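Inspection log for the structure reproduced underneath, given as structure tokens.
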Amino acid sequence: MEVGPLARVLVGYGLGKPEFVNTVQNFLRGTDLSEPDLFSTLGRTAARALETVIVGNGMVQWLDQLDSNLGSGDKEIYRDYVMVTNAGRGFLEAPRGALGHWIDITNSATNRYQMVVPTTWNLGPRCADSIAGPMEQALVGVPVVDPENPVEILRVIHSFDPCIACGVHVIDIDQNKTYDVKVI
């Protein structure tokens, strides 16, 4: 499952949330694009800007909702804690997409800890049902003009904003030749 700005924008749009619908429709009208065009490298890149517009437009209202009395003595803003034997998990939506944390604590010490970061979701391998991960799906069929300089592949990879350095291996089946390209 793809995570990140495109996923968030499409979910908000699909749910009919006015801030998403209005922003996406304005973008589509202004660019002469249609909804299917969003499912692309261009759509993934545009979603970052669209999401920024949506957040920017919402900030005044959100600021008005802040409690200006926080920390004035009548509300607790800090609490001492004692680590106990326990397990926990936390999930949040980071700029790159869904992020999950799992922790097991034994005798006041971390026994086990795991994170699944957005890049793991987006670059994930095929699932148990052999369905390709989001990046693999996005790369299938991308035409490459120059196998020694596959900028088209780089554009697709960069549109996912991966938090890793990658290597791309291009196979030119017509010439029976492979190319290794370092992606930075």
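Which entry in (1) 38, 27, 13; (2) 50, 19, 13; (3) 33, 19, 14 is this structure's computed semi-axes √(5λ) of the Cα gyration tensor in Å?
(1)
Determine the relative contact order of the chain: mean sequence separation of Cα pairs under 8 Å and six or more apart, normalised by residue count, in whole percent.
Value for the chain: 18 percent.
I want the local charge near Asp104. Using Cβ-Cβ distances under 15 Å, sum +1 for each Lys or Arg and -1 for each Asp or Glu among the other residues.
+2
For the ranges 1-10, 146-155, what's the packing order if you count other beta-carbon atoms within 10 Å of each residue, average per peptide, and put the highest first?
With the highest mean Cβ count within 10 Å placed first, the list reads 1-10, 146-155.
Measure nothing but the geometry: give the 0 to 90° angle between the long axis through the Cα atoms of 18-31 and the longest principal axis through the Cα atoms of the chain, rounded to 10°.
The angle comes out at about 30 degrees.
State the volume of the convex hull built on the alpha-carbon positions of the stretch 5-64, expressed per residue in Å³ and rounded to an integer.
Residue-normalised Cα hull volume stands at 74 Å³.
Each reported figure results from applying straightforward, stated rules to the coordinates on display, with no laboratory input. Remember, it's a predicted structure, so these values are computed and weren't measured experimentally. Don't worry about glycine lacking a Cβ; one is built from the backbone with ideal geometry, like all the others, and counts go over all protein chains shown.
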